[in-house]
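> This structure is in structure tokens; I'll ask about it shortly.
The values are calculated or read from the model by the stated rules, or taken from the named source; none is laboratory data. Every value quoted in this text rests on a predicted model; they were computed, and no experiment measured them. Ideal geometry is used to build each Cβ from the backbone, glycine not excepted, and the neighbour counts take in all protein chains shown. We work out accessible area using only protein heavy atoms, side chains counted, and drop any ligands, DNA or RNA first. Shrake-Rupley method; radii C 1.70, N 1.55, O 1.52, S 1.80 Å.
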Amino acid sequence: MTVTYDASRVTLVDHPLVQHKLSILRDKNTGTNQFRQLVRELALFDGYEAMRDLPMEDVEVETPITTATFKQLAGKKLAIVPILRAGLGMVDGILDLVPSARVGHIGMERDEVTHEPHEYYCKMPKDIDQRICLVVDPMLATGGSAEMAISYLRERGVKDIRMLCIVAAPEGLKSLTEKDPDVHIYTCAIDDHLNEAAYIVPGLGDAATASTARSSRWAKTVAAANTKKRCARSNKRRPRALLLTDVLPCRVREKRITVPAA
């Protein structure tokens, strides 16, 4: 069955480099280190398109040659809002473009039976209602988590919300565009459909697990190494003081030394 949605509010970021990186990201044999790096790079392309229409203003700049008028971003503030956990992998890519952006967090987890999202954490900048919000999550499947996150931001007074993902399902695009009439979605791919388990086909698998697995193993490795170093330091005996017999020749050490009476 064909799923229809408002295509005017969906931007497909299909640059050749995006398609190349995405094909590697989809490969089940791609390691977690490379997976995380690719998510970061694809987020940068996503963010580039999502911020294409940011307001500009004229500024006067003195170059080594002369003084001239150029364009800079106007004072409108930005906020990046990752949907935990997987959304964290996209944050650094956006920050590469706008290092001054503030970051908020919304924690969502999906019920494995009902496939419905549940909020477990939320932390936002105090002036979130005055910022353009970029909500980031690598996968837009049913759209439930994105809908809850965007609904929360609307309640906080945020007017300009842009949803950034790497892979989207038509079902998620339809649901989100119907739920919020103003949100615009940016995605690197629009896949075929959702399967019975509500996973995107062909999709990426579980992006949250893939993007955090390496960091978990790295943390365990570092902890084990630090424990080993501490044990080695505690078991190491202090070197004893140097004695005269350690430096005297053997024949001198064996000879009795008599001290004449005063």
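> Give me the 1.4 Å probe accessible area per residue for region 139-181, excluding ligands and nucleic acids, in Å².
On the way: 1510 Å² over 43 residues.
Here the residues of region 139-181 average 35 Å² of exposed surface.
> On to the next question. Please compute, for the alpha-carbon atoms of region 38-107, the extent along each of the three principal axes and give them in descending order in Å.
Its Cα atoms span 49, 24, 19 Å along the three principal axes.
> Diagonalise the Cα gyration tensor of region 13-77 and give the resulting equivalent ellipsoid semi-axes, square root of 5 times each eigenvalue, largest first, whole Å.
Over the Cα atoms of region 13-77, the ellipsoid semi-axes are 37, 13, 11 Å.
> Going down the list K21/K179; K28/K159; K28/K179; K77/K179; K21/K76, which pairs span over 28 Å between their C-alpha atoms? Mind showing how you got there, number by number?
Working: K21/K179 31 Å; K28/K159 39 Å; K28/K179 33 Å; K77/K179 25 Å; K21/K76 31 Å.
From the list (K21/K179; K28/K159; K28/K179; K77/K179; K21/K76), the Cα-Cα distance tops 28 Å for K21/K179; K28/K159; K28/K179; K21/K76.
> For region 1-54, state which trypsin sites (Lys or Arg not before Pro) are in a DSSP loop and have at most 14 other beta carbons lying within 10 Å of their beta carbon. Walk me through the numbers on the way to the answer.
Values: sites: R9, K21, R26, K28, R36, R40, R52; in loops: K28, R52.
In loop regions of region 1-54 (DSSP not H, G, I, E or B), the sparsely surrounded trypsin sites (Lys or Arg not before Pro) are K28, R52.
> FRET efficiency for L44 and S100, Cβ-Cβ distance as r, R0 = 22 Å, nearest 0.05? If you can, show how the numbers build up before the last one.
Details: r = 16 Å, r/R0 = 0.73.
Efficiency, from the Cβ-Cβ distance: 0.85.
> Okay, moving on. Taking R0 as 30 Å, what FRET efficiency do you get between R154 and K71 from their Cβ-Cβ distance, rounded to the nearest 0.05? The partial results should precede the final answer.
Values: r = 31 Å, r/R0 = 1.03.
Once rounded, the FRET efficiency stands at 0.45.
> At q = 0.12 Å⁻¹, what is the base-10 log of I(q)/I(0) for region 7-156 according to the Debye formula with one equal point scatterer per Cα and no solvent? Please give it to two decimals.
-0.61
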